[in-house]
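Everything below concerns the one structure shown next.
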Amino acid sequence: MFGWLGRTVVRHPWWTIVAWLIAAVLLVAFAPKLNTSSNQQDFLPSNYESIQASSLAQRAFPSGDQRLAFETVVLKRSDGQPLTPDDQRRIGAVATALQAKQIKGVRAVATDPARSLAANREIQVITVGLTNQFDQNTFETNKDAVEQVRGVATQQLRGSGLSYGVAGDFASALDNEESDNQTLALIGIVTIVLIIALVSIIFRSPIAALLPIVVIFLVSQVSTAVTGYFGKAFDLNFDEGFNVIILVVLYGIGTDYMLFLLFRFRERLRMGEEKKTAMITTVERVGEAIASAAGAVIVAFLVLLLAKFKAFGSLGPQLAIAVGVMFITAMTLVPALVSLLGRAVFWPSKSWKKEPKGALWTRLGAGVGRRPVVAALSSGLVLVALAVMALGLKADYDFQAGAPQNTESARALKDLRAALPAGLTSPTEVYLEGDGRLDQSQLQRYQQALTRADGVGQVTPAQLNPNGTVAKYTVILKLNPNSNDAIALVKGPFRDAAHQNAPPGTRALVGGTTAAFADINEVNNRDLSVILPVAMVLIALILALLLRALVAPIYLVVAVLLGFAATLGATVGVFQYAGGNEGLIFQLPIIVYLFVLAIGTDYNILMIARLREEAREGHGPREAAAVGIRHAGPTVAAAGVILAGTFAALTLSPQSTTQQIGFSVALGIILSAFVMSAFLVPALTALLGHKAWWPGHGDAVRRRDGGIGELAPDATEPAGRS
């Protein structure tokens with residue numbers, strides 16, 4: 001198949017290029033816009049309690065006043081002294097002015113000294129309720145509302161001796177917007193510069209260095225367009241927080257595939273083949289490995305459709321589409337372009353004519369071939385040692401704690417949590433629904449029961465809907481509402497108390513951000529327990545089809561799983577144990593699964609395919625390991641360094657969560673390229689010998705007439721000690 005594809009593309013390069021460009025223009029021109037959201041609660045299934053509580057609020061309080069996002073104006077004296085009665089009156093005047101301003105997006109303004117004044121009178125807060133939606137229009141409206149709130153507060157407090165700060169999700173987004181945009185631009189520049197620099201070093205050619213940038217930019221436009229069609233057809237909502245990751249992945253994987261092609265194309269040119277013949281052979285030899293690698297990655301991504309947390313359910317197809325478009329491009333547009341350029345793709349360097357000495361990879365290959373037991377044990381122990389630390393993994397849902405702490409919103413939040421119940425910034429909501437009109441005495445007794453629950457700081461009196469059948473209680477927790485302790489509290493003891501103390505004939509539903517994170521915690525654990533086994537089985541099937549064997553896929557999958565655990569463990573060690581973080585961003589295990597597990601399989605496929613190829617050339621298992629590492633090692637290493645470097649650029653972000661993603665994926669790719677693929681997989685293959693290819697004959701020597709000859713010597717050959 002790939003021989004036919006290579007001949008078709010290379011013999012008709014201009015038709016291939018024109019057809020690709022026409023298809024790209026048509027797809028991009030008419031593509032629908034992606035539906036995006038940044039509210040994690042939007043991605044939970046409807047059967048979870050926090051979503052049921054939100055739905056009840058919408059039905060019972062159709063005006064929407066009961067579903068607000070709260071921003072908090074934190075006020076204190078500039079001299080650090082306790083607030084005086086005059087100060088409190090001035091703060092009340094600020095709240096009145098905010099209400100009178102009728103700022104777009106502001107639904108409620110309130111300050112009550114009985115509840116919003118700290119016991120030590122050091123701070124008082126004004127609560128500003130905004131529309132609780134995270135679509136792009138509302139998001140921008142709410143950020144503008146925060147700016148206007150700040151403007152009114154500044155004007156009202158001028159000369160008063162009072163200072164203020166606004167804390168909350170939208171205030172934080174506004175404060176970090178400029179730095180986030182600068183960081184995204186920096187990450188993009190660093191990624192592109194890194195790719196150009198590393199490819200230039202490898203091939204010493206500006207054309208080879210710029211080719212991936214140009215091609216991948218075009219692919220990114222096409223894949224976004226195709227994702228738009230897919231999203232519209234299946235009514236998908238995409239998490240905009242993953243956009244930068246998708247772009248980095250596309251540049252990393254795209255560069256990998258192009259490196260696989262260019263390395264083999266250069267190898268064929270050195271053998272004296274004409275440029276078109278060299279590219280046809282390249283597509284034929286490398287195409288199956290790239291197709292299997294892309295297939296494994298696409299399958300791993302599409303398994304996310306099984307996720308109940310729909311942020312991942314939509315991310316899977318989005319990534320699968322990007323990789324699929326990149327694979328098609330790598331098999332068509334790239335060979336067409338390179339076949340036209342020929343040797344000029346390596347201009348002005350002449351080094352492509354010379355076989356590199358590759359002393360390092362030659363020595364490494366020889367070492368693994370001579371002592372595969374040592375190589376397997378040492379590389380395996382490194383991975384196991386790192387994997388052990390993954391047992392201490394804790395999830396972290398506090399995005400604001402991961403943001404820069406030198407902004408107004410971060411300082412205001414710190415002041416608030418030091419003086420008032422930390423849950424004030426994101427109250428927990430309890431909805432009590434009755435079969436008929438609720439009794440006031442029951443409502444009061446229920447409020448008292450909620451107040452006595454562990455971890456509760458305050459409970460507001462019940463707010464009834466118009467027909468009196470639904471009551472809402474606002475519960476202020478003593479704990480940081482995004483902390484693991486608060487999530488565990490709401491997930492267990494508090495929900496139990498709310499349900500058990502509900503009056504007869506009523507039902508209680510616990511909602512709010514903390515409750516949503518409790519549900520996300522549960523659904524993530526479920527998703528990971530389903531996704532990992534299914535993905536492993538499907539990837540093993542792809543490997544079995546590629547290798548026509550059952551043994552090799554087993555240890556390849558085990559190696560990748562070990563790399564996955566080692567990556568999580570190392571990240572726990574750096575950020576939790578050494579960095580003192582409460583935990584790792586809750587999406588991290590799935591993100592590591594996506595990129596380390598799937599991309600690690602890429603490198604294993606490239607290496608195992610080369611080991612099989614060398615065995616078919618007549619080399620024994622240990623010699624095949626040595627030769628395979630010598631030839632495939634530089635390709636895997638170059639691809640790994642570039643892909644790891646693109647993710648490492650994410651560590652430049654001031655956001656701790658983004659740093660964790662960048663570090664973990666970069667490290668995981670390094671482990672995949674330099675530990676698994678370079679040592680563990682070749683060593684195990686050398687040790688198993690012919691058994692690795694059971695029940696097929698993947699290592700059978702190919703005769704010149706295309707038939708199958710005898711097997712190469714087994715691992716028992718006198719090739720040195722193990």
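The values are calculated or read from the model by the stated rules, or taken from the named source; none is laboratory data. Just so we're clear, the structure is a prediction, and the values are computed from it rather than from any experiment. All Cβ positions, glycine included, derive from the backbone under ideal geometry; neighbour counts span all protein chains shown.
Things worth noting here:
- Breaking point among (1) over 17 Å from Val299 (Cα atoms); (2) in a helix (DSSP H, G or I), for Ala502: (2)
Yes/no per residue for (1) among the β-branched types (Val, Ile, Thr); (2) modelled with pLDDT under 90:
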| site | (1), (2) |
| --- | --- |
| Ser349 | no, yes |
| Lys354 | no, yes |
| Val368 | yes, no |
| Ala375 | no, no |
| Ser379 | no, no |
| Ala387 | no, no |
| Asp396 | no, yes |
| Ala410 | no, yes |
| Gly423 | no, yes |
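- Residue in region 94-101 that is outside any helix (DSSP H, G or I), free of Cβ contacts under 8 Å to residues at least 12 places away in the same chain and within 42 Å of the chain's Cα centre (by Cα) present: no
- Check on Val334, out of contact with any Phe, Trp or Tyr (no Cβ under 6 Å at 6 or more places or on another chain) and closer than 24 Å to Leu528 by Cβ: no
- When residues of region 539-581 are limited to those that are surrounded by 18 or more Cβ atoms within 10 Å (Cβ to Cβ) and in a loop (DSSP other than H, G, I, E, B), the one modelled with the lowest pLDDT: Asn581
- Applying the set (1) out of contact with any Leu (no Cβ under 8 Å at 6 or more places or on another chain); (2) farther than 26 Å from His631 by Cβ; (3) buried (at least 20 other Cβ atoms within 10 Å of the Cβ) to Lys232 leaves exactly one unmet item: (3).
- Selected residue (criterion: farthest from Ile599 (Cα to Cα)) from residues of region 685-701 that are surrounded by 24 or more Cβ atoms within 10 Å (Cβ to Cβ) and at pLDDT 90 or above: Ala686
- Residue check for Ala648: closer than 16 Å to Leu611 by Cβ, in contact with a Gly (Cβ under 8 Å, 6 or more places away or on another chain) and aliphatic (A, V, I, L, M): no
- The lone exception for Glu140 - which of (1) touching a Pro at 6+ places or on another chain (Cβ under 7 Å); (2) farther than 24 Å from Gly423 by Cβ it fails: (1)
- Taking region 50-89 as the range and being surrounded by 14 or more Cβ atoms within 10 Å (Cβ to Cβ), among the acidic types (Asp, Glu) and at pLDDT 90 or above as the test, only Asp87 passes.
- Scope region 582-596; condition of a type in the set (Val, Ile, Thr), assigned to a helix (DSSP H, G or I) and crowded, with 22+ Cβ neighbours inside 10 Å; matching residues: Val592, Val596
- Complete set of residues in region 448-492 that are touching a Lys or Arg at 6+ places or on another chain (Cβ under 8 Å), among the polar types (S, T, N, Q) and either over 17 Å from Tyr431 (Cα atoms) or not assigned by TED's automatic domain parsing to the domain that holds Leu420 (or both): Asn480, Asn484
- Residue that is of a type outside the set (Ser, Thr, Tyr), surrounded by 14 or more Cβ atoms within 10 Å (Cβ to Cβ) and either free of Cβ contacts under 8 Å to residues at least 12 places away in the same chain or in a loop (DSSP other than H, G, I, E, B) (or both), where the choices are Leu438, Leu424, Leu413, Leu450: Leu438
One line per residue, one yes/no per condition, for (1) part of a helix (DSSP H, G or I); (2) charged (D, E, K, R); (3) at pLDDT 85 or above:
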{"residue": "Glu140", "(1), (2), (3)": "yes, yes, no"}
{"residue": "Glu147", "(1), (2), (3)": "yes, yes, yes"}
{"residue": "Gly159", "(1), (2), (3)": "no, no, yes"}
{"residue": "Ser163", "(1), (2), (3)": "no, no, yes"}
{"residue": "Leu174", "(1), (2), (3)": "yes, no, no"}
{"residue": "Glu178", "(1), (2), (3)": "yes, yes, no"}
{"residue": "Gln182", "(1), (2), (3)": "yes, no, no"}
{"residue": "Leu186", "(1), (2), (3)": "yes, no, no"}
